[in-house]
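A short write-up of the structure that comes next.
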Amino acid sequence: MLNKIEHLGIAVKNIEESAKMYETLLGKPSYKTEVVESEGVSTMFFQIGESKIELLEATNPESPIAKFIEKRGEGIHHVAYDVSDIELELARLKKEGFQLIHEVPKAGADNKRIAFLHPKSTGGVLVELCEEKK
Ligand code: ZN
């Protein structure tokens, strides 16, 4: 089951500069920054009620975020849904015909196990499933 939108991932060129704008927009500071080397991203999180905003900056030119910004510019990169059992959801969605980018969940930022669905199978929106690590 998909429980709620956990966060929106937003690709930015310069996380420090974007953070200043988001601090003003949201009226509060970020609660966490984290580099995920395996993904080539530097992340920063803001909590808004029960949802979050995740800013993503590339840490190298080969990063998926660098490629995304090159093609589409800054903006919403992915929608992340909170799930209770990520293996179960991946199996269900695969059976339903969705294209999985990750067949097996991997470690993500913010204490999560994550997996992405290909935007080709989700109407052009990159979808992340995330399960809170227990
Ligand atoms: Zn995310």
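We did not get these values from a lab; they are worked out from the coordinates using the rules stated. The model shown is predicted, which means the values in this text are computed figures rather than measured ones. Positions of Cβ are backbone-derived with ideal geometry, glycine not excepted, and every protein chain shown enters the neighbour counts.
Please report the relative contact order for the chain, taking Cα pairs under 8 Å with a sequence separation of at least 6, and give it as a percent rounded to a whole number. Relative CO of the chain lands at 26 percent. Note on F45 and K133: the model spin-label points, each 7 Å out from Cα along the C-beta direction, lie 1.1 nm apart.
Each residue, M21 and S121, gets one label point 7 Å from its Cα in the Cβ direction; the gap between the two is 3.3 nm. Summarising the strand pairing of the chain, around 80 percent of its internal DSSP beta bridges are antiparallel. For the listed residue pairs K52/K133; K32/K52; K32/K133; K28/K112; K52/K112; K95/K133, the alpha carbons are over 20 angstrom apart in K28/K112; K95/K133.
When E6, E74, E131, E37 are sorted by how many other C-beta atoms sit within 10 angstrom of their C-beta, beginning with the fewest, the order is E37, E74, E131, E6. Principal-axis analysis of the Cα atoms of the chain puts helix 86-95 at an angle of about 60° to the longest axis. D by Stokes-Einstein for the chain, Kirkwood Rh over Cα pairs, 25 °C, 0.890 mPa s: 162 µm²/s. Projecting the alpha carbon convex hull of segment 1-80 along each direction and taking the average yields 5.6 nm². Between V35 and L2, full extension at 0.36 nm per residue minus the direct alpha carbon distance yields a gain of 9.3 nm. Full extension of the chain segment joining R72 with N60 gains 2.6 nm, where the gain is 0.36 nm per residue of separation less the Cα-Cα distance.
What ranking do L100, L117, L93 get, fewest neighbouring Cβ atoms within 10 angstrom at the top?
Neighbour counts put them in this order, fewest first: L100, L93, L117.
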